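The values are calculated or read from the model by the stated rules, or taken from the named source; none is laboratory data. Since this is a predicted model, take the numbers as computed values, not measurements. Cβ coordinates were reconstructed from backbone atoms using ideal geometry, including for glycine residues, and neighbour counts include every protein chain displayed. Only protein heavy atoms, including side chains, enter the accessible area calculation; ligands, DNA and RNA are left aside. Shrake-Rupley method; radii C 1.70, N 1.55, O 1.52, S 1.80 Å.
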Amino acid sequence: MELIRNYTKRGNTGKRRAARRIASFAAIATSLALIATGCASGADTSGGGETSGDAGGDLSITFIPKQLNNPYTDVVLGGGEEGAEEAGFAATEIVGPLEASASSQVSFINAETQAGTNVIVIAANDPDAVGPALEEARSAGAKIVAFDSDTNPKYRDVFISQVVAKGVALIQVKLIAEQIGGAGEIAILSATANATNQNEWIKFMEEELASNPEYKDIKLVTTVYGDDDDTKSFQEAQGLMQAYPNLKGIISPTTVGIAATARYLSTSEYKGKVALTGLGLPNEMRPFVKDGTVTEFALWDPAQLGYVAAFAGKALADGTITGAEGDTFEAGELGEREVGEGGVVIVGPPTQFTADNIDEYDF
Ligand code: RAM
């Protein structure tokens, strides 16, 4: 657990953490530069061919996040690179679009198929738009690991899920209910309209609000989409307040959306009056917790998501697992993981952050 903890808790290992982060950000910056010049392939971040772990050292792994310009993605990929190195991959790449639109990942998948990449790890912007490209990659021999946001299950071998979807949805409903005193209008400010993870959480939130008598006085008035774009999310937050002057609270289950909404609320007349919760990065949310805009929000450890995905990819490529329910694999310092129903591997429970504990986290 030691290395993974370095991503999450402030401690005495700051130097190594910083070095690793710089390496990770440099790799992402290189990928961005390559994309900007029209090249679909990203940086080789294998660290000069240094490998560890057991046999199979010629295997390659490529991570395709929803989008590159997302601070959450940077933390996930930092854990992914660390996991890939420890699992013994010879080459690790990070490629992806700058916008989380439905079909933006297709050309990147196709390039990996052509390159003969052994494992593709993808956070799907749309469960089906990536399907045909992933089918081709599989026909060419690649193993497909979905993480963060699932594909249609028929297009991947396993899905590494950060949390139990229903659990994380219910936490957010509970937090907003507490923060608005159990009554009033609320809205959801989501990421993109096609994102599998967002839509699953929203569905569970709607069901809970409709069925749990504790929430009978809470009315969900609308769901809007900031597309995981900071400016659009900020404008959507502003628009919500104009359209619903009686709004009591906002749930934003996206790190980009909650940070932009907090920024908007913090300098508006609604600061401290309209509640905001959802899923956020402690480092981005810290100022808004300290200035009273936000009292409590949640998130899992994003680095662990990437880390476990890399080990799952290795186990698939080695033939240790097929992705069937009951399969188990070793995920380095995080220990043994089991594939559950539907090929889903759950990484860990979310943490709730308040003014009392936020300074203990560094991601
Ligand atoms: C955003 C993305 C991502 C989600 C997190 C919580 O960065 O939408 O998919 O898991 O928020």
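Mind checking the log10 I(q)/I(0) for region 93-147 at q = 0.21 Å⁻¹? Debye, one equal scatterer per Cα, no solvent, two decimals.
Each listed q maps to, in turn, -0.69.
If you wrap a convex hull around the alpha carbons of region 56-209, what volume per residue comes out, as a whole number of Å³?
So the per-residue Cα hull volume is 114 Å³.
Excluding ligands and nucleic acids, what accessible area in Å² is computed for residue 230 using a 1.4 Å probe, to the nearest 10?
Around 70 Å² of this residue is reachable by solvent.
If you count only protein heavy atoms and use a 1.4 Å probe, how large is the accessible surface of residue 267, to the nearest 10 Å²?
120
Mind ranking 361, 225 by accessible surface for me, highest first, 1.4 Å probe?
Numbers: 361 30, 225 70 Å².
The residues order as 225, 361, largest area first.
Work out how much length residue 58 to residue 244 would gain on full extension: take 0.36 nm times their residue separation and subtract the Cα-Cα distance, in nm to one decimal.
61.3 nm
Using modelled backbone amide H atoms (1.01 Å from N, in-plane), which distant-in-sequence or interchain residues come within less than 5 Å of residue 98's amide H?
Residues meeting the amide H criterion: 68.
Averaged across orientations, what area in nm² does the convex hull of the alpha carbons in region 52-146 project?
5.5
Only sites in a loop by DSSP and with at most 14 other Cβ atoms within 10 Å count here; which trypsin sites (Lys or Arg not before Pro) in region 162-263 make the cut?
Within region 162-263, the qualifying trypsin sites (Lys or Arg not before Pro) (loop, at most 14 other Cβ atoms within 10 Å) are 216.
Treating each Cα of region 193-316 as an identical point scatterer and ignoring solvent, apply the Debye formula and state log10 I(q)/I(0) at q = 0.16 Å⁻¹.
For region 193-316, the Cα-only Debye profile gives -0.84.
Report, as a whole number in µm² per second, the diffusion coefficient that Stokes-Einstein gives for region 111-188 at 4 °C and 1.567 mPa s using the Kirkwood radius over alpha carbon pairs.
89
Taking R0 as 30 Å, what FRET efficiency do you get between residue 273 and residue 99 from their Cβ-Cβ distance, rounded to the nearest 0.05? Walk me through the numbers before you get to the answer.
Numbers: r = 33 Å, r/R0 = 1.11.
Result of the calculation: an efficiency of 0.35.
Arrange the peptides 157-164, 325-332, 194-201 so that the one whose residues have, on average, the most other Cβ atoms within 10 Å appears first.
157-164, 194-201, 325-332
Restricting things to alpha carbons, tell me how big region 160-222 is in terms of Rg and Dmax, in Å.
Gyration radius and largest Cα-Cα distance of region 160-222: 11.7, 36 Å.
Express the carbon and sulfur contribution to the solvent-accessible surface of region 230-303 as a percent, rounded to the nearest whole number, probe 1.4 angstrom. Each step should come with its number before you reach the end.
Working: 1270 of 2600 Å².
It is 49 percent, rounded to a whole number.
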